[in-house]
Amino acid sequence: MATQQRQALQRVCPHCSTIAVTPERRCPWCGRSYTRRILPWVALLALLQTALTIGAVAYLLTTFGDALETELDDQVLIVQRDFEKEIGGLDRRVRRELRRELDARLPAITQAP
């Protein structure tokens, strides 16, 4: 059992589609291997799918970030406008109260005879 003869099998070449009865690992007509090399194609498709997924996620995050920034800017403008309106009213009230307090503390002005 030192040398074992390989049995001749009927094989179909995946490249040139010829049928051969041979124990060889390569097609006698085109010289290419009977086994398909599918791993590079699977790796390429996986890489392409990963790149597409990363690109789509980046696009979605960018779009979401822009929408969030716009909404935050609108909210900041509303808060600033309300704050300025409230400060303006507060300023008038403080001046009015200050004038009223000063008028109450100061003696009445009398005319000299």
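Name the residues in region 20-52 that are small (Gly, Ala, Ser) and closer than 24 Å to Ala8 by Cβ, would you? Across region 20-52, the qualifying residues are Ala20, Gly31, Ser33. Within region 23-38, residues that are charged (D, E, K, R) reach partners that are in a loop (DSSP other than H, G, I, E, B) and surrounded by 10 or more Cβ atoms within 10 Å (Cβ to Cβ) with beta carbons closer than 8 Å, at six or more positions or on different chains, in the pairs Arg25/Tyr34; Arg26/Arg32; Arg26/Tyr34; Arg32/Cys13; Arg32/His15; Arg32/Cys16; Arg36/Pro14. Scanning region 19-31 for residues that are at pLDDT 85 or above and assigned to a loop (DSSP other than H, G, I, E, B) turns up Cys27, Pro28, Cys30.
Being of a type outside the set (A, V, I, L, M, F, W, C), assigned to a helix (DSSP H, G or I) and at negative phi is a condition met by at least one residue of region 102-109.
The values are calculated or read from the model by the stated rules, or taken from the named source; none is laboratory data. As the structure is a prediction and not an experimental result, all values here were calculated from the model. We place every Cβ from the backbone using ideal geometry, glycine too, and count neighbours over all the protein chains shown.
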